[in-house]
Structures are given as C-alpha cells and as structure tokens.
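Peer 1: Attaching a single structure in structure tokens format; questions to follow.
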Ligand code: C5P
C-alpha cells in the first residue's frame, strides 16, 4: 500500500466495549489521532447501526467487522446495507464460497467500501481444520482462499502476522492487508499468541494494524497512540 500513508492512518483501534457510552469515551480520548475505529459484533449487537453514524459523525473512519458468512443473496444484501451506512471497510469470510464472495462484491455496488476477506481465523490451527473436515494445513487453506479473493476481485485481506510473508511471496502487493495481533515492546501480550511489534508488522508488509488493548487499556490512550506513531515513523 501507499508508503506515503501517514503512520497514524494505519492504526485501527477496535471499540471492544459493550456500550455506546464506553465507545464515546474512547472516541473522545483518541478520535482524530488514529485512522479508523473498528466496530465488531459485541458493540454492534448492543447498540445497533446508529453507532456507525456516531463514529462517522465524530470524523473517524469505520471498519465494520461483522464477518459475514451466509448464502450469497443474504451477504449481498448485508454488504449493501453496510455500504449504505457509509462504512469504509467490512469483513466477509472467504470460506463462504466463491458465489458468496462474488455476491459481496456485487453488494458493494459503486461504493468505495473496502471488502476484507477473512481467510482462516487465528484461533484455528491445523488440528481444528482437520476436526472440521478440512484436509489441508492452515497455510494451504489461507493461500487457497486468497486465490478465491483474487479471482472475484476482493482486494483486502485480514491476515495474521505469520501469514504476511507467504501472502506477499505469492501475491506481491495485490492485497491491502489488515493485521491484528500487534504488540509494541512495552505492552502486555494479553491473550495474543503470535504477535509482531507495529514496526515489525509494517516492515513485513502490513498496510493497516489493528491495535486494541495496548491503547484502550492504557492509562493514557493518547500517549499510547503517540508512542506507536513514533515507532512507525522511525520504521519508515
Ligand atoms: O486488544 P487486541 O489488540 O488483542 O485486539 C485485537 C482485535 O483484533 C480484537 O478486536 C480482536 O477481536 C481482533 N482480531 C484478532 N485476531 C484475529 C482477528 C481479529 O485479534 N485473527
């Protein structure tokens, strides 16, 4: 992606909170200092779509992370509705099949929303895939599903730090990559198992970084963001 993209615009902060009020407090603290806020299932389910309008009204961009996975027509309509809400990025599961992925692209219509394909959730490993009937490794499955994305014109991928390398080797810079599991050296690892620092992730080719608790659980989220921006600026 654009190496000219200012460091702060690469940072996506998940609003992993249960209420609109808690989300507002985070937005008040760091809105304007990061590129995007991510709205996931918890907040969206508890507040409804007006939280998207509220985040947009604050001047921030929105990544709607509801990971659609359904029959093609339903996903097409869901993507239409999300696009109409004015979100900037949204997620679908690439494992929903080629027809479903094509339907998602149709649902985007003329909007500029970036569709991000989820390959294999980082909570799964080779054993879990095998238990679900898949006869291939996580790595092979990621590459297979990235190929589906490429074939239907989906240009964004959610990837784990571990998959960045193989995706770059196979697809070059075709995909805009959004990477969770980021931990600055000064932050707790929490429950993330395989992490990269912001700088390592960008050097490995990440376009956007999803960074939650190092910012949101910090005593001063604004200072935490600034430390990460400084690290990213040194990297570039
Ligand atoms: O607090 P932390 O930085 O671990 O938050 C990471 C965010 O990215 C959470 O919203 C989590 O649900 C999301 N995520 C993840 N790993 C994935 C996909 C999404 O941590 N593979």
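The values are calculated or read from the model by the stated rules, or taken from the named source; none is laboratory data. Quick caveat: nothing in here was measured; it's all calculated off a predicted structure. So basically every Cβ, Gly included, is an ideal-geometry build from the backbone, and we count neighbours across all protein chains shown.
Peer 1: For the stretch 213-222, which residues satisfy the criterion of being closer than 12 Å to residue 34 by Cα and either part of a loop (DSSP other than H, G, I, E, B) or more than 11 Å from the ligand (Cβ to nearest atom) (or both)?
Peer 2: Result: 221, 222.
Peer 1: Name the single residue, out of those in the stretch 189-204 being closer than 23 Å to residue 65 by Cα and either part of a helix (DSSP H, G or I) or touching a helix residue (DSSP H, G or I) at 6+ places or on another chain (Cβ under 8 Å) (or both), that is farthest from the ligand (Cβ to nearest atom).
Peer 2: 202
Peer 1: Only one residue in 53, 102 is in contact (Cβ under 8 Å) with a residue 12 or more places away in the chain and over 23 Å from residue 174 (Cα atoms). Which one?
Peer 2: Matching residue, one of 53, 102: 53.
Peer 1: Tally the residues that are in a loop (DSSP other than H, G, I, E, B) and more than 9 Å from the ligand (Cβ to nearest atom), restricting the search to the stretch 173-188.
Peer 2: 7
Peer 1: Right, another one. If you take the residues of the stretch 151-172 that are in a loop (DSSP other than H, G, I, E, B) and modelled with pLDDT of 95 or more, which of them is nearest to the ligand (Cβ to nearest atom)?
Peer 2: The initial filter retains those residues of the stretch 151-172 that are in a loop (DSSP other than H, G, I, E, B), namely 153-155, 159-160, 172.
With modelled with pLDDT of 95 or more added as a condition, the list becomes 153-155, 172.
Numbers: 153: 23, 154: 17, 155: 19, 172: 23 Å.
Checked the stretch 151-172; the qualifying residue nearest to the ligand (Cβ to nearest atom) is 154.
Peer 1: Here is a further query. For the structure I just gave you, tell me whether residue 207 is farther than 18 Å from residue 38 by Cβ and either within 13 Å of the ligand (Cβ to nearest atom) or in contact (Cβ under 8 Å) with a residue 60 or more places away in the chain (or both).
Peer 2: No.
Peer 1: Of the residues in the stretch 110-150, how many are at pLDDT below 90 and closer than 28 Å to residue 56 by Cβ?
Peer 2: Summing the residues that are at pLDDT below 90 and closer than 28 Å to residue 56 by Cβ in the stretch 110-150 gives 1.
Peer 1: Also, I was wondering about something else. Quick test of your reading of the structure: residue 178 fulfils all but one of (1) under 27 Å from residue 27 (Cβ atoms); (2) surrounded by fewer than 18 Cβ atoms within 10 Å (Cβ to Cβ); (3) at pLDDT 95 or above; (4) out of contact with any helix residue (DSSP H, G or I) (no Cβ under 7 Å at 6 or more places or on another chain). Name the failing condition by number.
Peer 2: Residue 178 satisfies every listed condition except (2).
Peer 1: Output the number of residues of the stretch 10-50 satisfying the condition of being loosely packed, with under 15 Cβ neighbours inside 10 Å and within 30 Å of residue 172 (Cα to Cα).
Peer 2: 0
Peer 1: In the stretch 111-150, how many are exposed (fewer than 15 other Cβ atoms within 10 Å of the Cβ), under 23 Å from residue 207 (Cβ atoms) and away from the ligand (no atom under 16 Å from the Cβ)?
Peer 2: Qualifying residue count for the region: 2.
Peer 1: Follow-up question, since we're still on this one. Of all the helices (runs of 4 or more DSSP H) wholly in the stretch 1-104, which have at least 2 residues that are modelled with pLDDT under 95, under 29 Å from residue 219 (Cα atoms) and away from the ligand (no atom under 14 Å from the Cβ)?
Peer 2: none
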